[in-house]
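First up is the structure itself, then whatever we jot down about it.
The values are calculated or read from the model by the stated rules, or taken from the named source; none is laboratory data. This is a predicted model, so every value here is computed, not measured. Reconstructed Cβ throughout: ideal geometry from the backbone, glycine too, with neighbour counts over all protein chains shown.
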Amino acid sequence: MLLDRAQSCLLIVDVQERLVPVMTDPRRVIHHCYLLLRAAQTLSVPIIASEQYPKGLGPTIIDLRQQMVDQNIFAKMHFSAAADPALREGVMALVRPQIVIAGIESHVCVLQTALGFKGLGLTPVVVADACASRRAESEHMAWGRLRQEGIPLLSVEMVIFEWLAQAGTAEFKELSALIR
């Protein structure tokens, strides 16, 4: 299965002020989530973000929050975004069967969100290089579990080029310049 921008939505999971600094590679996560956001905006792919207990963990980091519309950011208490009623309804209301997931932590909220939306009949994919955990071994465990559950792991470039589908367009020129 290839991603289709007309069938996809992007979910950024819990990339928050107090969580990001303790991740294995915070700069990579921020940069790659930013690239996904820019690509989604350019290609009219709907964007939703979650924030795990924002009162305690802070809001989505400013680098990403500036790229999002406030009404598309949902606070949650469940680890799985699919288990949170408002977030689940927000995603399901988009009527887009492919859900591209990035964020933190890979082995908890990202993993449980992907499994939850798969259980609801969507086709989740996880953007591995736009995710992180506090420990590298936790990320490796998450990747193994996702593979075992049949959830594809993609890179940021794989997502962007699948959404683009062809070269030679103005969108291709804009986005390929962004990832060089």
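Points worth noting:
- Test for Gln112: is it at pLDDT below 95, outside any strand (DSSP E or B) and under 15 Å from the mean Cα position of the chain (by Cα): no
- One residue stands out in segment 17-39 among those that are without any contact (Cβ under 8 Å) to a residue 60 or more places away in the chain and not acidic (Asp, Glu): the one that is nearest to Arg134 (Cα to Cα), namely Pro21.
Here's the yes/no breakdown for (1) of a type in the set (Ser, Thr, Tyr); (2) touching a helix residue (DSSP H, G or I) at 6+ places or on another chain (Cβ under 8 Å); (3) farther than 14 Å from Thr24 by Cβ:
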site: Gly121; (1), (2), (3): no, no, yes
site: Val125; (1), (2), (3): no, yes, yes
site: Ala128; (1), (2), (3): no, yes, no
site: Glu139; (1), (2), (3): no, yes, no
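Each row is one residue, and each column tells you yes or no for (1) in contact with a Lys or Arg (Cβ under 9 Å, 6 or more places away or on another chain); (2) exposed (fewer than 15 other Cβ atoms within 10 Å of the Cβ); (3) of a type outside the set (Gly, Ala, Ser).
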position: Leu115; (1), (2), (3): yes, no, yes
position: Ala130; (1), (2), (3): yes, no, no
position: Arg145; (1), (2), (3): no, no, yes
position: Ile151; (1), (2), (3): yes, no, yes
position: Val156; (1), (2), (3): no, no, yes
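- Going through (1) without any contact (Cβ under 8 Å) to a residue 12 or more places away in the chain; (2) more than 21 Å from Glu162 (Cβ to Cβ); (3) not polar (S, T, N, Q) one by one, Ala81 falls short only on (1).
- Lone qualifier among Met23, Met92 - being within 23 Å of Glu139 (Cβ to Cβ), more than 12 Å from the chain's Cα centre (by Cα) and among the aliphatic types (A, V, I, L, M): Met23
- Hits in segment 45-66 (condition: touching a Lys or Arg at 6+ places or on another chain (Cβ under 7 Å) and within 21 Å of Gln98 (Cβ to Cβ)): Val45, Pro46, Ser50
- Top-ranked residue in segment 128-180 [being part of a loop (DSSP other than H, G, I, E, B) and among the polar types (S, T, N, Q); ranked as farthest from the chain's Cα centre (by Cα)]: Thr169
- Any chance Gln66 is under 17 Å from Pro46 (Cα atoms) and at pLDDT below 95: yes
- Hits in segment 30-88 (condition: among the acidic types (Asp, Glu) and surrounded by fewer than 17 Cβ atoms within 10 Å (Cβ to Cβ)): Asp63, Asp70
- Selection of segment 23-73 for residues being under 15 Å from Cys109 (Cβ atoms) and assigned to a strand (DSSP E or B) yields Ile48, Ala49, Ser50, Glu51, Gln52, Thr60, Ile73.
Yes/no per residue for (1) surrounded by fewer than 24 Cβ atoms within 10 Å (Cβ to Cβ); (2) over 22 Å from Arg38 (Cα atoms):
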{"position": "Ile99", "(1), (2)": "no, no"}
{"position": "Gln112", "(1), (2)": "yes, yes"}
{"position": "Val125", "(1), (2)": "yes, no"}
{"position": "Ser138", "(1), (2)": "yes, yes"}
